[in-house]
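The values are calculated or read from the model by the stated rules, or taken from the named source; none is laboratory data. These numbers were taken from a predicted model, which means no experiment stands behind them. Virtual Cβ from ideal backbone geometry, glycine too; neighbours counted across all protein chains shown. Calculation scope for accessible area: heavy atoms of the full protein, side chains included, ligands and nucleic acids excluded. Shrake-Rupley method; radii C 1.70, N 1.55, O 1.52, S 1.80 Å.
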2 protein chains.
Amino acid sequence: MTQRVYNFAPGPAVLPEPALEEAQRNLMALPGVGMSVLEISHRSAAFSEIIQGAERNLRTLLQIPEDYAVLFLQGGAKLQFGMVPMNFLRNTGARASYIVSGTWSKQAAAEAAGQGQVHVAWDGKATNYDRVPADDQLNIAPDSIYVYLCSNETIAGVQFPREPETNGIPLVCDASSELLSRPVDIRRYGILFACAQKNLGPAGVTVVIIRKDFLDRCPNDLPMMLNYRQLAEHNSLLNTPPVFAVYMVKLVTDWVLREFGDLQKLKEFNEKKAALLYDAIASCGGFYTVHAAPGSRSAMNIAFRLPNAETEKKFLAESRKVGLYNLEGHRSVGGCRASIYNAMPWEGVVALRDFMLQFYQANRDQVG
Amino acid sequence: MTQRVYNFAPGPAVLPEPALEEAQRNLMALPGVGMSVLEISHRSAAFSEIIQGAERNLRTLLQIPEDYAVLFLQGGAKLQFGMVPMNFLRNTGARASYIVSGTWSKQAAAEAAGQGQVHVAWDGKATNYDRVPADDQLNIAPDSIYVYLCSNETIAGVQFPREPETNGIPLVCDASSELLSRPVDIRRYGILFACAQKNLGPAGVTVVIIRKDFLDRCPNDLPMMLNYRQLAEHNSLLNTPPVFAVYMVKLVTDWVLREFGDLQKLKEFNEKKAALLYDAIASCGGFYTVHAAPGSRSAMNIAFRLPNAETEKKFLAESRKVGLYNLEGHRSVGGCRASIYNAMPWEGVVALRDFMLQFYQANRDQVG
């Protein structure tokens, strides 16, 4: 077997080994089916079981109420940036409030502004997007049909510790890099979406959880693949879904259920992993600095800097040599970032922590 | 190893075994990378090689000129039904001519009519969509900015033997179920698209070949994921592409190059396979009837009927018993259909032919 490294990439990201092993074992032919999952019809009994199983697992883990539909779509979170306002803002006169707490919510707000009326309820620019707003900082337009947020900004490592207060206005949330990492109160949301390639599976499928009364508002003049109502009416089978990606979501959620049972346990595990790194950073006397402010720090993505660019380069080169990969920060901001999603094992985080402490000891004197 | 059956499904469809075997071998970790292809970053050197390799293979096989972009998108052919008119018809005053030769071109025309002006150049309804039009039957609006066709209607098994004459107007073509099965004169096309799950790979990626001057016409008020220009400017990496599906396209096109060298050879192979079935059908004195008229018969999908529903049911049940799967016709039309894409081996078609002849001998007297 080829040696595997610890992969701290922000997505596509590390997947649970048991899910990969099962996919590998069955790749030439699913047991009892005689065809690869890459070859089965999306209308076959085998695939019905897979997609229904994936939905059932998500409903169990996230405690999704019956009056919410679960869709498996294509196009990534970025297509959702456009689909949400196309369905609910365009030609309606309605407006929505957007909370801009980083790169992705900013891009979503810009996409929405191209389709309809957007009110910015808060923008974290003044402190370089290092935190989420307190409730009393939010300026939500009271007639908003939804309040938009990105619950975890992957690039800056800024995460909402809990949902913002919206006085009953439903949230629309890009939860791409945190969905399934902790319990969530679905009832607060009109729409909750996440591309798979962080905690759910491989790139190529996006999970959309949508309150059914939102479906009634979808307009009739949209191409059908962009209309949530039509997609929901066909249970995500309006055309051929990304069969293999949905299969992997099934295997990954099987693993979560088997390994953790519920999301509260998984949350505790994830917080313990994150604390290991944040505590190590705090113990190094300012050698490492976390971008996110306390209270807004992500349990999924820890974005940090070293004293200077040269030391960062050395850190990245040496970490790679010991099998710790993809610790580069996003190309738009530089620095370093460790993404430690559900599937990152405890041992991987310990290995990174140990490396960080050791790198600090070896380099603390060389830098000003 | 689990026994594999012969899979005559219309898509998702059979894939080349060597491509599946390579994917299986490397599923835990790509050689030299230490991560599964399901886990690698879409911005990594490993993936750059994969997506560039897939594009290079397609350019070689299809002889795609430099002034055409090759995109790897999500959403299937059905999203293209909407994206094409959103980009080129909506709010322009321009119109396009649509050739309606079956289910998929009909649906594409309806989607386009929701966005802009559509002129139907021909509709095969009168003969129940059993043929493609002769050039002199086409009533193309001379001011059309494109002429739309579906080059192979998968459900009815109706295929254009060559491009229709359009007096220099560029074609926009849904080639989902035939792209890569024979040479094509790309210069005739403005846009040529195909979902992967027939001849190119698994479900989850759609290949779009687009003449670069079309990109200049894309409007600025579309969400970026629906704007061909922005997708092309980012080489399909505007967001995370469906990494694994693109990887499979690379492996499948590697196989085509290795096994056949060029599409002329592959075309001859496919025509030989199709002739085996059409000839067998012709030899059974009307027991089997082909839906498509001579001259319009597909080399990819052979849709046929048996004398009555009861015999069809028996045919489907018995074929399954000898390892010939998914011979059901599309649920909208019933009957039987054999899809024999590139990856269907010669032995599979021979096995089906033999079964059909034997079933005819055993049942010719029981039916009226």
Q. For the modelled label position 7 Å from the Cα of residue B:361 along Cα-to-Cβ, which residues of region B:322-351 have backbone nitrogen atoms closer than 18 Å?
A. B:322, B:350-351
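What size of dipole, in debye to the nearest 20, comes out for chain A about its Cα centre when the only charges are +1 on Lys and Arg C-beta atoms and -1 on Asp and Glu C-beta atoms?
Values: 36 positive and 37 negative charges, 93 e Å.
Result for chain A is approximately 440 debye, rounded to the nearest 20.
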Q: Anything losing 20 Å² or more of accessible area from the isolated chain to the full protein assembly: pick those residues out of region A:169-208, probe 1.4 Å, ligands and DNA/RNA ignored.
A: A:197, A:202, A:203, A:204
Q: Over the protein assembly as shown, consider all pairs of different Cα atoms and compute the Kirkwood hydrodynamic radius from their mean reciprocal separation; express it in Å, one decimal.
A: 27.0 Å
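Express the carbon and sulfur contribution to the solvent-accessible surface of the protein assembly as shown as a percent, rounded to the nearest whole number, probe 1.4 angstrom. Mind dumping the intermediate values first?
Numbers: 12920 of 27010 Å².
Roughly 48 percent of what the probe reaches on the protein assembly as shown is carbon or sulfur.
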Q. In region A:101-129, what residues drop by 40 Å² or more in accessible surface going from the chain by itself to the full protein assembly, probe 1.4 Å?
A. A:111
Q) Short version: which residues of region A:232-280 lose at least 30 Å² of accessible area, all chains versus chain alone, 1.4 Å probe? A) A:239, A:240, A:244
Q: Provide an ascending nm list, one decimal, of label-point separations from residue A:313 to the equivalent residue in each further copy; define each label point as 7 Å from Cα along Cα→Cβ.
A: 7.5
Q. In Å and whole numbers, how far do the C-alpha atoms of region B:122-200 stretch along each principal axis, longest first?
A. 34, 30, 17
(Q) Which residue, A:231, A:119, A:141, has the largest displacement toward the positive end of the dipole of region A:113-232 when charges sit on each Cβ (Lys, Arg +1; Asp, Glu -1)? (A) A:231
Q.
Need one number: buried accessible surface between chains B and A, 1.4 Å probe, both sides summed, DNA, RNA and ligands left out, in Å² to 100.
A. 5000 Å²
Q. Expressed as a whole number of Å, what is the distance separating the alpha-carbon centroids of region B:312-368 and region A:49-105?
A. 42 Å
Q: Determine the shape class of chain B: with a ≥ b ≥ c the square roots of the Cα gyration tensor eigenvalues, call it rounded for a/c under 1.5, and otherwise prolate if a/b is greater than b/c, oblate otherwise.
A: oblate
Q.
Given a 1.4 angstrom probe, what's the average accessible area per residue across the protein assembly as shown, in square angstrom?
A. 37 Å²
Q) What shape does region A:107-257 take by its C-alpha gyration tensor, where a ≥ b ≥ c are the square roots of the eigenvalues and a/c under 1.5 counts as rounded, a/b above b/c as prolate, and the rest as oblate? A) oblate
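Quick check: from the Cα gyration tensor, does region A:307-349 come out rounded (a/c under 1.5), prolate or oblate?
Values: a/c = 2.76, a/b = 1.49, b/c = 1.86.
Oblate shape, in that a/c is at least 1.5 and b/c is the bigger or equal ratio.
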